[in-house]
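Only the coordinates and a few stated rules stand behind these numbers; no lab work does. Keep in mind that this is a model prediction, so the values were computed, not measured.
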Amino acid sequence: MIVTKLNGVRYDLNSLGITLREFSPQSPSPVHSSVSIEGMHGEADVGTVYGPRIINCSFYVKARDSADFPLLRDEVFALFDSRQSFYITEQYNPEKRWLVKSNGDYSIDQKELYGFFDIDFISYFPFSESVGTTLNPFTTDAGVWQVGQGLQTDEYKYVHTTRKFSVYNAGIEIDPRQLMPTPLNITYKGSSKNLVITNETTGDTFKYYGTSSSSDSILLSGVQVKKNSASVFGQTNRKLVRLAPGWNQFSLSGIGEGFKISFDFRFYYL
């Protein structure tokens, strides 16, 4: 297992003398919503979301000698300190990661120089995410992609300079209104007047009722909209752009010459 702190520091558990025995995510936990309607049988289904996910993990440690064991034990406690979330990645899915905290206390059962322990991690966001983002190269040399991520070619493009283009989403739907660990960042750079960004696949349309020069950037990041570093959300139609699974067809209007638009996001998986 690899543990990655929010500051980017990575810990390879094997190199620390900690061996992962089992990595077992529980299935998604559906949370259904329904309403009863007078005069009708049963209830009306009004939608389902997923609750947090539990990941059951088992480990063992091996100390060099008896004096080393309590030091190693304390190192384990510090590594899984859950006052802040951290990412975990298993060996057989090295390019998918989970944002987690430990979900309770645990003890390390000492057997001579060995210590055995189980931790239940909780991921409040119920999906794993790709280690790589769409602005990483889609090559094996990039070291952030693997089999099983829904990628079929290395020719996906996420930086465009034309009025019409396609964006590929290899995972589940991305909705900026959801609590994604990392946001969908759409950056338009260049001149514009009454910029319109339309995802024809989802039917979502974003409008900015303002202007920009060739050196300006307009950033849609999650639910925020900024021109350079200043919020301009009040000058928009207050709509957001989702990405459906698979190919999304986009069109632009209100654009000037020499513009560039980029899509920077991760893929999310069940």
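Computed quantities for the displayed model
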read-out	value
Per residue, the convex hull volume that the Cα atoms of the chain enclose (Å³)	181 Å³
Stretchable slack from ASP68 to ASN56, in nm (0.36 nm times residue separation minus alpha-carbon distance)	1.6 nm
Theoretical gain in end-to-end length, SER15 to GLU257 [0.36 nm per residue, Cα-Cα removed]	81.8 nm
The stretch 133-269 - convex hull of the alpha-carbon atoms, volume per residue in Å³	110 Å³
Directionally averaged shadow of the stretch 46-136, computed from the convex hull of its alpha-carbon atoms, nm²	8.5 nm²
Under 30 Å from LYS157, Cα to Cα: lysines that are on another chain or at least 8 residues apart	LYS5, LYS96, LYS189, LYS193, LYS207, LYS226, LYS227, LYS239, LYS260
